[in-house]
Structures are given as structure tokens and as C-alpha cells.
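Q: Please read through the structure below; I'll follow up with questions.
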Amino acid sequence: MKKLSLLFLMLALIAAPAAFAQFRIDVGFNAPMLIGIENLDGPEGDPVEVPSFIPLPFGQISYNMDLGALSVGAGLRAYTLIIESLAWPCAYVEFDVDPVVITLSGGGGFFLYFGVLGNGTLDMHMFIPELMAHFKLGKFTRLGIGGMTFIGLENQDVFPYIIYGSLQFSFPL
């Protein structure tokens, strides 16, 4: 009987945060300040830098568990170039110390593309880690900086990265 009570108590402690979880929608723009590619196998040299400042609209819908200053969530993240969009599953951990929010996220592996040029899925062996730091500007608005890279899970000869400025709107549902 003690084991059954202990098992029930452990399940209740694990399930309690999920009972208070909610959906969240994040939308905004990431404006690349630096796009670079480093060669991993070739001779040493300067990384290739691609100038860019075209803001890329993004959206994310996730199931968010609020644990005080720490939030954990999982969902679907998408970037769009208006005529074509790319989405992938993601998970994140967010540390909120008002007015600063630091988010570490990762996702990938399976990609959906949709738009005018076509619809479909891609099974790419790629992981996309991302680190962002934002200042809160009110209840829903965030302004900050972030960076992401693309890591091949099988074979990778280059290391691409993007450093961007970010304007984000985060709405709990």
C-alpha cells in the first residue's frame, strides 16, 4: 500500500505543472545582422559573411508550462518568406527575470514547407539550436538579440550561423 501511495504522489507532483499549462503564441520579426558560414574541414581562414538585413517574419505556437521564473514549452516554429514558409517542431526553456527574458530553444529533424511554390515535408537530419535575450517592453512585447545555427546530425562540412535583432510579441491563450 505504501508503494502505491508513493507512486500516486509522484505522479501527482509530475502532472501538477502540466495541469496549469497553457498555449502560447509568439509572432515577430528577426532581422539578421550577420549571416556566416565557417568551413570545418578546410584550411583555416576567415568565415564567409553574407550581408543581410531583411526582416524575417516568424511565428510559434507552443504548449507552455509556467514554473515561476522558468517556463518550459514545446510546439511548432515557422519562418516565412511570404510566398513560402518552413516549420519544424521545437522545445524551449525560458528564464524570465523581469525585464530580461533569456530563451534557449532547439528543434528540427522534421520540416514542413508550404506556400505558393508547393507543400510537403522534409525529413532532414538537422538540429537547430537558438539562444535569445530580450528586454520586455510592456506585457506582450520583447526587443532583443539572438543567434541560431544549423547542426547536421550525420555529416557536416560547414558551420552556418545567424546573429539577429528581434522584435517579438508573446501572447498566452
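Q: By how many nm would the segment from LEU34 to ILE83 grow when fully extended, if each residue of separation counts as 0.36 nm and the alpha-carbon distance is taken off?
A: Contour length minus the Cα-Cα distance gives 15.3 nm.
Q: Another question, then. For VAL27 and SER5, what does the FRET efficiency come to when R0 = 41 Å and r is the distance between their Cβ atoms, rounded to the nearest 0.05?
A: Calculated transfer efficiency: 0.35.
Q: Further question on the same structure: If the convex hull of the alpha-carbon atoms of segment 20-159 is projected onto planes in all directions, what is the mean projected area in square nanometres?
A: Mean orientational projected area (segment 20-159, Cα hull): 10.1 nm².
Q: On to the next question. Please list log₁₀ I(q)/I(0) at q = 0.17, 0.25, 0.30 Å⁻¹ for segment 95-137, using the Debye equation with identical point scatterers on the alpha-carbon positions.
A: -0.65, -0.82, -0.98
Q: Figure the gain on full extension for VAL72 and LYS136 (residue separation times 0.36 nm, minus the Cα-Cα span) and round it to one decimal in nm.
A: 21.2 nm
Q: Quick one: with all protein chains in place, what share of the accessible area of segment 92-173 is carbon or sulfur, to the nearest percent (1.4 Å probe)?
A: 72
The values are calculated or read from the model by the stated rules, or taken from the named source; none is laboratory data. All values reported here derive from a predicted model rather than from experimental measurement. Backbone-built Cβ (ideal geometry, glycine too); neighbour counts: all protein chains shown. SASA here: full protein model, heavy atoms, side chains in, ligands and nucleic acids out. Shrake-Rupley method; radii C 1.70, N 1.55, O 1.52, S 1.80 Å.
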